[in-house]
Every structure is written in structure tokens, then in C-alpha cells.
């Protein structure tokens, strides 16, 4: 037999630790061994976020493990619903909304365990700038909803508001908030805990339509399971529900810790601030401080079912039996009785066999046991001693480390002299520190010596009682004092089985001091509140003024004691407010809170004795991490006497006040130091304040807050001190919102008997409109001069256009005639074709001249921007200083839909502005052109620019730049930085208007002393402008008789040749008078008259009128190079059949003549 080496005896501490640990192991081991963790799966409703924080907490804190559950949490997502997972068996538990009742009605055996959200987070989210404020605004709009019944509470809102789903454009949910941001939908179903934050982060104010506002308030985020799970594993269901609730309680109380855990463990995309927003929003939905988490009211489920019935989705009085979880259902014990019967039968059979086997083995077993017993006992005893010694040594070290590092003071004593004194055997570091002594100063010394004040304190009596009785006792808060220290301590004393005494004590001196200071502060507060002439209150933010605190002043003001209102269901504070004031008070308080969070209001109350009193109330919304958001705190004062005094004062000074209040001018009184004392309403409105009181309270320093330019104030005061008064002093004043206005101020200084100025009184008039009118008048005069110049240019351009079009008519017409007579492919034919093409270009040039002079409406057509840039830069080179270097970088030949003259005007304006910025120092003028393209998925070239192809034009200079404070005004009409006579301030405004009309965008970027860059984006077009070329074609002919009239003989002859070749009989005249005489003599010899418009003696329109008098209905065609006297509309009004602009090519003339003759 192996011999074991003797071990040293265990110390008393080791024995104590060993005994305690042994008992704990004996207690706990059977429990752990008997239970194995059940694997279960929880399917979330959506992706990982704080919405499911309670389940994460239950898993991380071990609540599920403590309940014998091995829980796996599965993330949800698009198209992955918890209902499908639970019904399909891939999960035992899930999260869903109140629509669970609809799925149960459809046959899904679902059981709701607990609604975590007492209020649904579902909302309809809109853009605040869309103007959509309530459901009626959604009629005809695009609304993005979840499929089927998943947005049940929102569908119920439409029902309550009598809005048919056919009245909206329902779109399937894409789960992309970008669809709302990009205006691809007008509203989207969302969670108030999530999407509003995302929308605000995108710089867009959120608009929220909440179902609760329209009488629909469903449960949400309901924890549910299946009927099978409830039937087969009732203990597991109860354990899972209890652990989940504990997890939710922990998550809502420790939000930051849980947020850290979510970020670390689940790698979510949300930011910490986003999760905090979600957590704060969920407090209003879960209501952890008001109701138990997961509280479920069958009556509320009944209401939800009735709402679904109204929607036509549930039958009337749909039964909730089996849908709502019952943790203690009636049990069926039939299976137990059957199980017991079968068990007894099997036991009898097995018992018979076992008895035979036992007798057979009994003798052999007895001999084996006797032989092994002695050896086994000895070896077991040896192993136990060895293990106990090792565990004791290890535990003694462990408990020593804990002992030394505890923040609570612990001391071990040994009684001497039969409990007459107690000697320190050990003390930890915290205990020594509490006594302001070293550990060595305690060990081996009696308490009476180390702490002589223990007797007076009563701690010594406590030690003796516990030593004698063996029962542990707590020592209440007490003060220990001796000549060395004075501290407050809380103590606990117990006696160990070894007879040793253990004292545990906390030094709470600082806490006592803090509590004393807090108590004194509360006493002072209570004294102050009790002596205030009014009511200090704290109430919930609801129309009933549900009071949580009222000071004693309530009795004196209302006639009711404070307790009559606090948490009362019978009497509410709103009941004592005068019925005519009640709604106004609630409305004005809510309006003020929405603007600033604070309010001040006056109203009337009816006291208990029926007396009506005037009340003044001031309050503020309390918002903090520890307060519910819907709380008001403030002060109520009885202002009845003040109101009566004010009324008497108003009556006594009624005449003066009427003048003061109703004057169209602003009146004021101010101190010599520069503060308003009194102002009239006109003056307050003039400066943008709601009341004179607001203005007086807001402007505390006239020079810095009222005057925009402090120099104006100094000049004003200098004149006032010198002369005692000032008349019509004009300056710019600052309104409440910071905007400037022009005012005229007339002020007189009032002095006392000693000649000291006591106040200033004056009159102020708003002269902003007059100043603006003067500015506009000056600008209009500049505009008028510019318009007169353009009008002169227009007249000149019109005259040139008429003569030039006549010349072009001959050039183009005779070229066409000659091309018909020459052989194809010859050099002559090629030359004539070039002349024809050049004539058409000249024709376009005339149109551009007329468009520039604003005498022709030019339609948009495809134009090449690169060609216009080259023309502009060529022209500029000869007109700007040589010190300016012009550089171009043209990488695009794309076309845009535009007007060449307007694009030319845009480029000329931008380039001349750039050149002006570099006139003195010289520099570089850079112009670039390139293609730019953007689609829906790409980053926008410029915010708000639609997707598509663009040409990008950049014009930059290296001049003096534009100051930051004025850069936002460069496109405003009449704004200019040039000197008098150098600019009208209209150039960039016109440029901006042209580019906007093309669907483009212009931006400016400038840095002082570094230069300016203008960037223009214009939509590109794939259309191409085709230059007309002469091509022989089959033209309509005829044999009718035509009178052709034009004062230009070459044109008359050309017209005759063209029409004759087309088969017509033509007679020409170069005088309108002669033509009229011919027609009068032979009115029936002509089937058609073609006449020029501008001719001496008689214009074409007058000739036409005279001819139609002679022969009504005679077809007449007028041709004109340019005329202000006639247009297509006026020609049609007098009966002219067709109106043609010169130069007219052969094809146009042939088709026009034939069309008129055939009409």
C-alpha cells in the first residue's frame, strides 16, 4: 500500500474557507448537473440595432444561461420576416408588430408573449418642405408601404380618415430613404426611432404623421412564439420571457453600456449618436418608468382586433383565446395518471428480475466490498486531505487578495479578558486608511488604545453583544471622534465559528457632508418656496395640467389645498382656469414651447369661492437625462391687483396712450446710457418684435444692438449733446432677425432741475421703402438709358436687316436659278453651291442681329458652344489689354439647345468681367470646355442638377477676387462692385436668367487676391443642326396667273423667273401704286398677288387692303425682309393668306404659292 507524506495542519482561515466552499459546492453541484442548456433561436424583425437591445443584454449578462437556455439571435432583413421563421420551425421565438393577430386569423398558430413597445413606433415620414402635414394631403400622392398587412396601424389611419387605398399611389417598400430624399416618393412608412434621425443628418427637416394622432395606437415589437412551443415547453417559454424582460430592464437602465456591446459584438453600420437617438426615442415607446416592461392588456388587444375588423381584415368579435399568452393555464393530468400506471407495471416486472440477480450477486459482492473497503477508505482519506490542503492554500491566497483590495474597511479582532477588550489581528488597507493610521499601528493592539472614542460611539458595546450572542448586527450611522480624527461610519459586526470577530465598516464622512449640504439646500429651498407670494409648480405637459408638485401658495390663490390637484382624478388644475381662457392658454403654451422651450402667459382662474382672479404664469420645459420630456416647471402669481392698477393707469392716461399706441410713427424713451425704457407697438413692429416689452427686454445696448454702424450712433450723440435735439437723422438700424432697415430719427433730450439729462424721447420713421425707391429710381434711370441705347441699336439693326435681306434675296434666288442651268459636277456648280451656303449663313446672321436687338424671337436650336467660344475669344483679344493672357482648353464639340446670340452674351459677360478684374495688374484669363455626364447612381456634379449629359464651361481669372460677404449677391439684379458709370449690375443677373432658362446651372468660387472661377453647366443635346445646302428637288408647279410686286427690280425680276419656271404666268411691278392701278383695271386677270411689305408711297399691307376692296377674296402673299408694322398675326387679321420672311428660297416660294392657291 502507498504511504502518503504527512501534511502540515490547516490554518483557521483555511478551515473556514474550506468549509464554506464545500457547502457551496454541495448546494450548487446537483443543480448544474441536473440541467442542460436548451438551444433556442430568436428571429429579429430587422437588422441589428438598439431596437433589440434587451435581447442582447439578456444574452450578454447571462440571463438566458441562468435560465438554462442556449439562445441564438438571428438578424432580420429585407424579405426575412420573423413570422415565417417561427411558423416554419427555423426559430422558436420572434419579434413582430400588432399584425400578428391578422396572421393568426389566417391560420398561423402564433401566441404573443409580451409587447415590448407600449406604443407603436410606426409613422409616415415626409419631407417637411413638401407641405404634407396630415393624411388628407396624401390623396393622389405616392406612399411607400410594407407589403400586405405589415403596416397595419398606418392602414388603420387611412380608414379613420375615410381615405381609400385607391386614392393614393401605393408603392412597395424599398427600404431606401434615398427615395424620399430624391422625391421618388412623397411619404414612406418608417420608425420614429430611426429614419427621422437619418433624414435630419441629410440636412432635410422631417415631417411626421403619427398614427397615434389619428386615434390608432397599437402595441409593437411583440415577442411571440408558436402554440407548439407553449404546449411542448411551457417552462422554457416562461424562462425565456422572464430572462428577456430582465434583459430589457437592464438595457434601458444602462444604455451606454449596451450601445458599446452592440457596436463591439454586432458590427452594425449605425453610429453611436444614431444608437443614442434610437435609445432615447424608445423610452417614450416602452415607458420603463411607468409600466412593467412587456405589460399586456387584453382590453387593448380587443380594441386592436376591433380596429382590424373595421378595416375588413378580421371578423367581428374575433376571439383572442389562445392568442394571448397565459403563464398559468389549466392543467390536464390525464397523461400523468396513465404514466403512473404504466410505470408501476414496468417496475413490477423489472423488480422480479432484479431480486433474482441481487440474491445471486449478494454473496460475491459482500466479499469484494470487505476486501476493498479498508484500502479504499485509506486512499480516499489521503486524497481528500491532499486536495483540501491544496484548495485551502489556493483559496486563502485568493481571499487574501480580495481582503487587501476591498474598498470597504475590514478588521479581524480577538476577544481578550472575556470580552473586556478586543485586539486587532488583521486589518485591510481600506480599514487602515479610514482610521488615518498604518496597518502596523493596528496589529496586536487593543481597540480601546487605537480608537479610544469607540466607547462613547457605542461600537464597543456592539462588539461585546455580538461576541456574547453570536448573532451578527449592523451598527447604524454614527460619528466617531477622538482627539485625532472625526469621521462618520456605518458598521457591520459578525462572529466567526473560531470565535474571532469581524468588523466591516464604511467611511461615509463625505456622503454625510454632502447629504447635510443637500438637506440645508432643500431647507432653504422649501423656506423660499413657502414664502414666495405665489405657486411653485411641477406638472405634466398635457391639457389637464396634471400636477406633480404645488407649493402651499396654492391655497391662497385658488382656494384649494395643493393635495386637491396632485395626481387627482377628480380635480384638475385646468378645471380652475376660466373656460374662455382654457384653450387659448394650452395653445399659446405649446406654441411658445415649440419655439423656445420657455413661456410666459396671463389668464384668469375661478377660485373655489367663485371669485375670478388674474394669473401670471412663467414656465419652462424640463429636458434632461433623468427627467421625462413632458414636464413643466414654473411659477404662478396672482396679478389681479397689478391688473387692476394697470387698468386704472390705462384709463388715466388713455388719451396719451391712444396717441402713443396708434401712431404710425415709432415713439420711444431711452436712458442717456443707451437703453430703451418704453416704446410703442409701431416701433416694436418696425424692428420685428412681437411686443414693445420684448423689444425693451431684448435691446440692452442701443449702440451695438440697434445701430448697424456704431459711427452713426457716435455722430448722433455728439449732435444731441451739443444742441439738445436732432431732426431727421437718417441711419441704418438692425431688426430682431438681423436684417437692416433705414430709419429717420428725431430726438430731444430731457433734463432735470440740475441740468442733467434724464431721458431721451424721440420719433422714428421707417424710410426703407423711400430709400429703396430712390435706389430703384436710380437703377431704372440706368436701365432706361441702356434700353434707349438698345432701342437705337434695334432701329439700326431693323433697317440693316431689311436692306440686307433684300440683297440676300437676290443673291440666294439668282444662285438657285443659275444652279439649275449649269452642268452638274463642274467647278462653276461647286462655286455656286458655296455662294448658296454662304447666303444661308448670312440669313442666320441677320436673325441673330435681330434677336440681339430684341426685335426677333429666336427659337432654341442645336448650337455648337466651341465655335461660339472661339468667336468670343477672337473678339476679346483685340479689346482687352495685352497684359492679360488668354488661354483656352476646348475638349468638347457637343451641341446644346440654345440661342447663339444669348450664349454669345453669356460668354462675353463672363469674360469681360474677368478682364475687368485684371485691368490694373494683368493676369491669365482661362476658358475651358468639356463634356460632363451624371446618372442617378453617381455623385451629382452640382446639388439639384438632374441626371443627364452636360457641357461644362469654366471661365477663371487671376484678379482681385470677390469678398466672401458679397459673393452670394453677385447674381442679384442691380448689384455691382464697379464704380459709377462702369456697370449697371444687370450683367450677371441676365447671365443667370439665360442659363436657368436652358435648364442649366452656374456657380461661382472666389478667393480674395487669388481670382474667381465661374462654372456653367448646360444640358447637352444629341441633335445636330444641319446647314441647308442646295439640292435639286421636285417642286409644286401650276399654270395660274400671278402679280409679283417688289420695289427692288432685281427681286421682282428674280421672282418672275422663279415662278415662270414653275409654269405660272407672271406679271411684275416695282411700284405699289402702279400695281394697284393695274389690278384695278384688270381685277380678274390674276389668281394670286405676291407683294413686298416695305415699299415707298404704299406699303404691302395697305396695297393688300385696297386690292381686297376691289376684289374681295383675292389671295395675297406678303414678303418682308423686316418690318415693325406687320406680323403674321396682323397679316392674318386683315385677310392676307401667307406671310413669308426674306430672303425666300425657291422651294419656300413654290410651296407657299401652291398652298395658297389650293386653299
Q: Go through (1) at pLDDT 90 or above; (2) surrounded by 18 or more Cβ atoms within 10 Å (Cβ to Cβ); (3) within 29 Å of residue 183 (Cβ to Cβ) one by one and return the number of the condition residue 931 breaks.
A: (2)
Q: Go through 597, 619, 666, 654 for me and flag whichever is modelled with pLDDT under 80 and in contact with a strand residue (DSSP E or B) (Cβ under 8 Å, 6 or more places away or on another chain).
A: 597
Q | Subset of the range 135-168 [exposed (fewer than 14 other Cβ atoms within 10 Å of the Cβ) and over 29 Å from residue 306 (Cβ atoms)] | A | 140
Q.
Give me the residue from the range 180-233 that is without any contact (Cβ under 8 Å) to a residue 24 or more places away in the chain and in the same structural domain as residue 244 (by TED's automatic domain parsing) and, out of that set, farthest from residue 296 (Cα to Cα).
A. 232
Q | Condition check for residue 760: closer than 21 Å to residue 680 by Cβ, crowded, with 17+ Cβ neighbours inside 10 Å and in contact with a strand residue (DSSP E or B) (Cβ under 8 Å, 6 or more places away or on another chain) | A | yes
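Name the residue that is nearest to residue 1140 (Cα to Cα), counting only residues in the range 1072-1098 that are part of a loop (DSSP other than H, G, I, E, B) and in contact (Cβ under 8 Å) with a residue 60 or more places away in the chain. I'd like the intermediate steps shown before the answer.
Looking only at the range 1072-1098, we keep the residues that are part of a loop (DSSP other than H, G, I, E, B), and these are 1082-1087, 1093-1098.
Checking the rest, the ones that are also in contact (Cβ under 8 Å) with a residue 60 or more places away in the chain come to 1087, 1094.
Details: 1087: 18, 1094: 13 Å.
Among those residues, the one meeting the criterion is 1094.
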**Q.** Single residue of the range 1040-1064 satisfying the filter (under 18 Å from residue 1146 (Cβ atoms) and without any contact (Cβ under 8 Å) to a residue 40 or more places away in the chain) that is nearest to the chain's Cα centre (by Cα)
**A.** 1052
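Condition check ((1) in contact (Cβ under 8 Å) with a residue 40 or more places away in the chain; (2) assigned by TED's automatic domain parsing to the domain that holds residue 639) across all residues:
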residue: 472; (1), (2): no, no
residue: 489; (1), (2): yes, no
residue: 492; (1), (2): no, no
residue: 499; (1), (2): yes, no
residue: 502; (1), (2): yes, no
residue: 551; (1), (2): no, yes
residue: 559; (1), (2): yes, yes
residue: 565; (1), (2): no, yes
residue: 574; (1), (2): no, yes
Q) Within the range 578-587, can you find the residues that are crowded, with 16+ Cβ neighbours inside 10 Å and either in contact with a helix residue (DSSP H, G or I) (Cβ under 6 Å, 6 or more places away or on another chain) or in a helix (DSSP H, G or I) (or both)? A) 581, 582, 585, 586
Q: Within the range 312-322, identify whether any single residue is touching a strand residue (DSSP E or B) at 6+ places or on another chain (Cβ under 8 Å) and assigned by TED's automatic domain parsing to the domain that holds residue 250, and answer yes or no.
A: yes
(Q) Going residue by residue through the range 770-782, is there one that turns out to be more than 30 Å from residue 989 (Cα to Cα) and either in contact (Cβ under 8 Å) with a residue 12 or more places away in the chain or touching a strand residue (DSSP E or B) at 6+ places or on another chain (Cβ under 8 Å) (or both)? (A) no
Q) So is residue 173 assigned by TED's automatic domain parsing to the domain that holds residue 49 and without any contact (Cβ under 8 Å) to a residue 60 or more places away in the chain or not? A) no
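Yes/no matrix, rows are residues, columns are (1) over 30 Å from residue 462 (Cβ atoms); (2) surrounded by fewer than 19 Cβ atoms within 10 Å (Cβ to Cβ):
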| position | (1), (2) |
| --- | --- |
| 499 | no, yes |
| 509 | no, yes |
| 519 | no, yes |
| 525 | yes, yes |
| 537 | yes, no |
| 542 | yes, yes |
Q | strands (runs of 3 or more DSSP E) contained entirely in the range 607-721, each with at least 3 residues that are in the same structural domain as residue 542 (by TED's automatic domain parsing) and farther than 20 Å from residue 748 by Cβ | A | 612-622, 631-638
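The values are calculated or read from the model by the stated rules, or taken from the named source; none is laboratory data. Note that the coordinates shown come from a computational prediction; the quantities given were computed from them, not determined experimentally. Here the Cβ is made from the backbone with ideal geometry for all residues, glycine too, and neighbour counts use every protein chain on show.
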